[in-house]
Amino acid sequence: MTTLSAVKTLPPEIGRIVLEPEQIESRVGELGKEISRDYRGRQPLVVGVLKGAALFTSDLVRHLTIPLDLDFLAVSSYSGEPDIQPIQVLKDVGGDLTDRHVLIIEDIVDTGLTLHFLVERLRARKPASLEVCTLLNRPDLRLVDIPLAYEGFEVAQEFLVGYGLDFREHFRDLPFIASMRRQDREPAE
């Protein structure tokens, strides 16, 4: 990951930094303590949703003090209009989930449509429990009610990049979360 000192000037597409690396690191540590406490005596299967939650998942599991198993899944759902494009599973969780304690790790929950799809898909595999941890929550955009057991930050309705979040596969490696300038994310005419 790019260090903050390596980012001497912000890319011109970045409007402002919303969450500094220290804020993210501190909250991820707190989430790690909460999850470790809640899952004490159990060995959860932690499932990161690729690609956006890869950095968050990696940092979070390093803060967990419990035994765990780790897997990832990948979906294709976001094309600018998530309620029109069908969700496709590109990489599924391996193995039997029956009676497992599953914790889904998401980068951001907006409408909740993709997460709802994932939760229902994994719930059909009969885990003992199924919870969600998201780094960022945007409840104002929610179209489907999704209970979140763990939440890092509630954020406003602005287009965010960095720390795994991207714009057309760019900016995932930024060590902070930032908003993009509006004109830089408009489609070219």
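In table form, for the structure just shown:
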quantity	calculated
Where LEU141 falls short, out of the listed (1) touching a Ser or Thr at 6+ places or on another chain (Cβ under 7 Å); (2) modelled with pLDDT under 95; (3) under 13 Å from VAL49 (Cβ atoms)	(3)
Members of segment 47-62 found to be farther than 17 Å from PRO175 by Cβ and in contact with a helix residue (DSSP H, G or I) (Cβ under 6 Å, 6 or more places away or on another chain), listed by number	GLY48
Residue match in segment 134-153 (condition: over 26 Å from MET180 (Cβ atoms), assigned to a strand (DSSP E or B), open to solvent by 30 Å² or more (accessible area, probe 1.4 Å) and not hydrophobic (A, V, I, L, M, F, W, C))	no
Among the residues listed as ILE17, ILE108, ILE35, the single one being modelled with pLDDT of 95 or more and touching a helix residue (DSSP H, G or I) at 6+ places or on another chain (Cβ under 8 Å)	ILE35
Meets criteria (in contact with a Leu (Cβ under 6 Å, 6 or more places away or on another chain) and open to solvent by less than 70 Å² (accessible area, probe 1.4 Å)) for VAL109	yes
Residues satisfying the stated conditions in segment 16-48, i.e. farther than 19 Å from PHE159 by Cα and surrounded by 18 or more Cβ atoms within 10 Å (Cβ to Cβ)	VAL28, LEU31, GLY32, ILE35, TYR39, PRO44, LEU45, VAL46, VAL47, GLY48
Residue in segment 154-173 that is surrounded by the most Cβ atoms within 10 Å (Cβ to Cβ), counting only those that are acidic (Asp, Glu) and part of a loop (DSSP other than H, G, I, E, B)	ASP166
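The values are calculated or read from the model by the stated rules, or taken from the named source; none is laboratory data. These numbers were taken from a predicted model, which means no experiment stands behind them. Heads up, the Cβs are rebuilt from the backbone with ideal geometry, glycines too, and the neighbour counts pull from every protein chain shown. Just the protein is used for accessible areas: all its heavy atoms, side chains included, with ligands, DNA and RNA removed. Shrake-Rupley method; radii C 1.70, N 1.55, O 1.52, S 1.80 Å.
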